[in-house]
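Worksheet: one structure, shown below.
The values are calculated or read from the model by the stated rules, or taken from the named source; none is laboratory data. Since the model is a prediction, treat every value here as computed from it, not as a measurement. Cβ: placed from backbone, ideal geometry, glycine included. Neighbour counts: every protein chain shown.
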Amino acid sequence: MHPFIFTGVMAFTNSWTTTTDSTIQTYIGSFRTGQRYAVPGGQLAVMLGYNYQLINQSITGSYSFGSGDNYLDVDYEVDLKSADTGNMSVSMVYDFGPKQEWNMFLEYGFLNWNQVIFSIGRRF
């Protein structure tokens, strides 16, 4: 289907911290589709995407403030839930260099939250 591009990514994160009794879990999915163009110096892909992120859990823990005779122990319980789970994005990937082994990735997310992702990489 060249020059059309379809990508899909799914991820799960499980974060441990020193101040919580439980882990923080996040589910992420992303789908992008676009087209690739030959440009001077390499290839440029332009894509439109949809991103999904879900956080829905209860976090508990305790934290101590102060030292000596002046300290305060605070126990907490926080319910985390994503207010919005879906977002749109526009991405560009530019492959360049000898054998096009270098690439730059730029993505702007919009709709329910704003985000910018930039990366540069090399295949070897």
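Odds and ends about this structure:
- At least 2 residues being closer than 25 Å to PRO3 by Cβ and among the hydrophobic types (A, V, I, L, M, F, W, C) is the threshold, and among the strands (runs of 3 or more DSSP E) wholly inside the stretch 13-124 those reaching it are 24-39, 42-54, 86-96, 102-110, 115-122.
- Once the stretch 13-38 is narrowed to residues that are of a type in the set (A, V, I, L, M, F, W, C) and either closer than 16 Å to GLU107 by Cβ or surrounded by fewer than 10 Cβ atoms within 10 Å (Cβ to Cβ) (or both), the residue that is modelled with the highest pLDDT is PHE31.
- Residue within the stretch 75-89 that is surrounded by 15 or more Cβ atoms within 10 Å (Cβ to Cβ), among the charged types (D, E, K, R), within 21 Å of the chain's Cα centre (by Cα) and within 30 Å of ILE120 (Cβ to Cβ) present: no
- When GLY68 is tested against the conditions (1) free of Cβ contacts under 8 Å to residues at least 12 places away in the same chain; (2) closer than 30 Å to PHE124 by Cα, the lone failure is (2).
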